[in-house]
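A short write-up of the structure that comes next.
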Amino acid sequence: MHKEFLMGNEAIALGALAAGVNLVAGYPGTPSTEVLETIAKRSTDKTYVEWSINEKSGMEVAAGAAYAGARALVTMKQVGLNVASDPLMSLEYIGVKGGMVVLVADDPGPISSQTEQDTRTFGMFSKVPVFDPISVRDAYEMIQEAFDFSEKYGTPVIFRATTRVDHGYEAVEVKDEEEYLVHTFEGFVKDSSRWVIFPKLSVKNHGLIEKRNRELAETLSDYPKNQILPENAPGCKKGIVSQGANFPYVLDALGEKNARVMRVATPFPFPERLAVSFLEGLEEVLCVEELDPVIERALTFLCGKYGLKVKIRGKLTGDIPSAGENSPEIVSGALQSFGLGDNVAHADPENREQAPDLPVRPPVLCAGCPHRASFYAVKTAMKGLKTIYCGDIGCYTLGNAQPLDMCDTCLCMGAGIGIAQGVYHMEPDTKCFAFVGDSTFFASGITEVINAFYNQADLTLVVLDNSTTAMTGHQPHPGTGRTVKGQVVEKVSIERVLRAIGLQTVETVDPLDFGTAVETVKRMQHEPGVKAIIFKSPCIAITKPVAKSKVDPEKCIACGKCIRELGCPALILGEDGKRAKIDVSLCTGCTLCEQICPVHAISGGGKKEEAPRHDQRAKESKAEEPKTEEQKAGGERI
Amino acid sequence: MSKNIILCGVGGQGTILASRLIASACMGKDLPILTAETIGMAQRGGSVFSHIRIGKGANSPMIPKGQADLIIGFEPGEAVRQLPFLKKNGAVVVSKRSVMPVSAMIGKSKYDGDAMIRYLQKEVEHLTVVDADLAAEELGSSKTLNVVLLGAAIRSGELGLEEKDLVKALEERVPERFLELNKRSLVWNK
């Protein structure tokens, strides 16, 4: 054993390695991403690791490994489980041979997500047992127990952590590599009565699963992490039940107070016997939990089932907020109202004067982000026309902010294309645009394009290809030609995929070549059917500026166009409060501002090539001289 | 010893590395430490914070309001945003240099960084204002603001760590070619 200061997700990864995991698959998503990244970094070649193209693929790859008897882990964020729900629902009926853990990171708040869904509820729905850690150290131990449990009962298990555990850090005693379990397995054994799902098998296994889960409710009452803290309890009539990151908040707020406290580590199947023994003798119980009232409902049910006269309080009774993340203040406030805990006074201790208005600081596209150039090109080209800009999930969702205001809808991964199609069928006179990132295109965009193409939609697909999965921290994807282990593989070409579907007009343009970008959009929006522009320019985080732009104060006429229209964080007001200035610590030399300045007062940016940009591009793509009229107009028809 | 420390700023300013340096220094002294970080969307120029709890007794990495011994603000407005977390007589170390949000630049919101510094000077007795622009000029780099602030935090006496602890952490975590600059940054304006 040795001690390491670890992020929760790193601890989960090291725990999985210590449990002898043989295969790990996943799709990036905050707050889950670092689990797979850490495994890729810290594992030997004996562990197979991949970034799958989406969570459904990852789930199926992991299931295959577990069918062979291997230990498998699949990682995703909560909304990723929606994508992977089809295989998971059926997999529970089939079961596994090797231990299989489905790591799902929930995001109360939500801090970086579309929904506040609770994977504990998903566990109940899919009948899959759920483990819920409270801290970094707890997660390290629990993931190892989860593998044993999965293998013992032949079921996948969900390991559900939330942001404050995933992204918390703690010094943890972890095993040395020599202490890791080596999991050997026999391989896949053919048996169609076991591995092929048919209605007859489903009804049989359904019955067995329900029986097993009733038994597990009993077994899990003895799981040491489902625990009652009796030392706090003499004569107390009030109890607290909590889970996850809320449990330490409860302990911090209670201090030395006299209360009975129970931790629920396996919300499903619910540790029934333990919970009933906890309730006995109590008059009132407060359930301190985040997202859904899972514990509160379970306890209310048990009170009915066993005829216990205990008042159960929590979200359903309005004692705990029904939405959002719980903070230490919310928890201590709720305990105080419940009659427990008064040692933590959270009022502003100094009674300070009202602070000046705080800056409004939503996340924005980085300085020099090529997405800004793409959005601005489309906005400029389509000015005055009836349009809809359907956005998608990724950094480019931030295109919604002022001054760009280029994201009219955003729903879930890949949805923008379908939404643009639906709007077109109802409003054929609207110019419909769907923006999708490169990683999102591979995750769930391709089938949407086929649907739109097949069903005769008229829309412009704009692929924002920055050659990485940027929002989650720059993971590789099929278009990058690199795997998570750094292996160089054949790239999947977005352009060729689109052409293979049958799209007649597909053009790849550098969005930082503003004039060409605008001209391309203007021309292409007149083409019939589904057409695609691939705006290709690498994310600023994976490139280095050669030189930064500079404003010539002699030439600047203080019109403010660059600042007002681009909203680039590197464009600020100079000392005189009128003329523009470049913040050199942020500028990446993208030259977009140079190209839109009406008096050419900005220059010197480093990404500017010597030759005119479109010539350079033509040279790079080995394009031949235009021969036909169509080609002269710039199209790349095949 | 037990200390609750909040680091705050704008995504991209280097709060997470500063938090890791404090953690390394604590690990070196075998002090228990819990931290929580903002990772995700807010890293794109949004408000970010790190909570750091050093010493025994804390169960959660999240610091309750009114219980921080020290706030290290990488940006004046962000320091004011976190001020409700400061305990009575707690200390604040803050960079004077404000970061204008895009919304203020394009006239959709208002922000006056100097007003934030004036407010802190009025409300916080134990305040250290760090001239980030001067530091960048004298050090020849604006990239080590995080270490400059940590140096000022050591000298405020509220970090609970000494200069040699942080020097050791820098040696562990910073690449060789940046080490000399970081060591100079730590003692800037000492």
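The values are calculated or read from the model by the stated rules, or taken from the named source; none is laboratory data. Values in this document were obtained by computation on a predicted structure and should not be read as measured data. Positions of Cβ are generated from backbone atoms using ideal geometry, with glycine treated the same way; all protein chains shown enter the neighbour counts.
A few points about this structure:
- Considering region A:533-586, the residues that are among the aliphatic types (A, V, I, L, M), under 21 Å from B:ARG97 (Cβ atoms) and more than 12 Å from chain B (Cβ to nearest Cβ) include one that is surrounded by the most Cβ atoms within 10 Å (Cβ to Cβ), namely A:ILE582.
- The set of residues in region B:96-115 being in contact with an Asp or Glu (Cβ under 7 Å, 6 or more places away or on another chain) and without any contact (Cβ under 8 Å) to a residue 60 or more places away in the chain consists of B:LYS96, B:ARG97, B:SER98, B:LYS110.
Here's the yes/no breakdown for (1) modelled with pLDDT under 95; (2) more than 21 Å from A:ALA40 (Cβ to Cβ); (3) assigned to a loop (DSSP other than H, G, I, E, B); (4) within 24 Å of the chain's Cα centre (by Cα):
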residue	(1), (2), (3), (4)
A:ASP429	no, yes, yes, no
A:SER439	no, no, no, yes
A:ALA443	no, no, no, yes
A:ILE446	no, yes, no, yes
A:VAL449	no, yes, no, yes
A:LEU461	no, yes, no, yes
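- Residue list for region A:496-519, filter: within 23 Å of A:TYR454 (Cα to Cα) and in a loop (DSSP other than H, G, I, E, B): A:GLY502, A:LEU503, A:GLN504, A:THR505
- Of the listed requirements (1) touching an Asp or Glu at 6+ places or on another chain (Cβ under 6 Å); (2) buried (at least 24 other Cβ atoms within 10 Å of the Cβ), A:ASP118 misses just one: (2).
- Cβ pairs under 6 Å, 6+ apart, first in region A:1-21 and under 18 Å from A:PHE149 (Cα atoms), second in a helix (DSSP H, G or I) and of a type in the set (A, V, I, L, M): A:ILE12/A:VAL35; A:ILE12/A:ALA139; A:ILE12/A:ILE143; A:ALA13/A:VAL35; A:ALA13/A:ILE39; A:GLY15/A:ILE143; A:ALA16/A:ILE143
- Residue in region A:227-235 that is outside any loop (DSSP other than H, G, I, E, B), without any contact (Cβ under 8 Å) to a residue 24 or more places away in the chain and more than 14 Å from chain B (Cβ to nearest Cβ) present: yes
- Picking from residues in region B:112-121 that are in contact with a helix residue (DSSP H, G or I) (Cβ under 8 Å, 6 or more places away or on another chain) and within 7 Å of chain A (Cβ to nearest Cβ), the one that is farthest from A:GLY577 (Cα to Cα) is B:TYR119.
- Selection of region A:23-41 for residues being crowded, with 24+ Cβ neighbours inside 10 Å, more than 14 Å from every other protein chain (Cβ to nearest Cβ) and either in a loop (DSSP other than H, G, I, E, B) or charged (D, E, K, R) (or both) yields only A:TYR27.
- Contact annotation: residue pairs with Cβ atoms under 7 Å, 6 or more positions apart or on different chains, pairing a residue in region A:398-421 that is closer than 30 Å to A:CYS562 by Cβ with a partner that is of a type in the set (S, T, N, Q) and surrounded by 21 or more Cβ atoms within 10 Å (Cβ to Cβ), are A:CYS407/A:THR397; A:CYS410/A:THR397.
- Pair list, Cβ under 6 Å, 6 or more apart: region A:267-284 residue under 26 Å from A:PHE125 (Cα atoms), other residue assigned to a loop (DSSP other than H, G, I, E, B): A:PRO267/A:ASP132; A:PRO271/A:ASN226; A:LEU274/A:ASN226; A:LEU279/A:LEU308; A:LEU279/A:VAL310
- Listed by first and then second residue, the pairs linking a residue in region B:27-50 that is under 18 Å from A:HIS2 (Cα atoms) to a residue that is of a type outside the set (Gly, Ala, Ser) and crowded, with 21+ Cβ neighbours inside 10 Å, with Cβ atoms under 6 Å apart and 6 or more places separating them unless they lie on different chains, are B:LEU31/B:ILE54; B:ILE33/B:CYS26; B:ILE33/B:ILE54; B:LEU34/A:GLU170; B:LEU34/B:ARG53; B:LEU34/B:PRO61.
- Taken together, the residues in region A:64-76 that are crowded, with 24+ Cβ neighbours inside 10 Å and either assigned to a helix (DSSP H, G or I) or modelled with pLDDT under 95 (or both) amount to 2.
- Scanning region A:42-62 for residues that are in contact with a Leu (Cβ under 8 Å, 6 or more places away or on another chain), part of a helix (DSSP H, G or I) and buried (at least 23 other Cβ atoms within 10 Å of the Cβ) yields A:GLU55, A:MET59, A:ALA62.
- Residues (surrounded by 15 or more Cβ atoms within 10 Å (Cβ to Cβ) and touching a residue at least 40 places away in the same chain (Cβ under 8 Å)) located in region B:132-142: B:ALA135, B:LEU139, B:SER141
- Which numbered condition B:SER2 fails, given (1) hydroxyl-bearing (Ser, Thr, Tyr); (2) surrounded by fewer than 24 Cβ atoms within 10 Å (Cβ to Cβ); (3) within 9 Å of chain A (Cβ to nearest Cβ): (3)
- Count of region B:68-111 residues which are at the interface with another protein chain (Cβ under 7 Å from one of its Cβ atoms) and more than 21 Å from B:ILE22 (Cβ to Cβ): 15
- Within region A:353-390, the residues that satisfy the criterion of being within 30 Å of B:MET116 (Cα to Cα) and hydrophobic (A, V, I, L, M, F, W, C) are A:ALA355, A:LEU358, A:VAL360, A:VAL364, A:LEU365, A:CYS366, A:ALA367, A:CYS369.
- Some residue of region A:376-392 being buried (at least 23 other Cβ atoms within 10 Å of the Cβ), under 30 Å from A:VAL584 (Cα atoms) and among the hydroxyl-bearing types (Ser, Thr, Tyr): yes
- Which listed residue, of A:SER192, A:SER221, A:SER150, is more than 30 Å from A:GLY324 (Cα to Cα) and more than 31 Å from the chain's Cα centre (by Cα): A:SER192
- Filter result (within 18 Å of B:LEU149 (Cα to Cα), part of a helix (DSSP H, G or I) and more than 10 Å from chain A (Cβ to nearest Cβ)) within region B:17-67: B:LEU17, B:ALA18, B:LEU21, B:ILE22, B:ALA25
- Condition check for B:PHE85: at pLDDT 95 or above, under 30 Å from A:GLU565 (Cβ atoms) and buried (at least 21 other Cβ atoms within 10 Å of the Cβ): no
- B:SER142 under 17 Å from the mean Cα position of the chain (by Cα), over 29 Å from A:SER113 (Cα atoms), small (Gly, Ala, Ser) and at pLDDT below 95: yes
- Restricting region A:371-392 to residues that are in a helix (DSSP H, G or I) and of a type outside the set (Gly, Ala, Ser) leaves a set whose member that is farthest from B:LYS110 (Cα to Cα) is A:VAL378.
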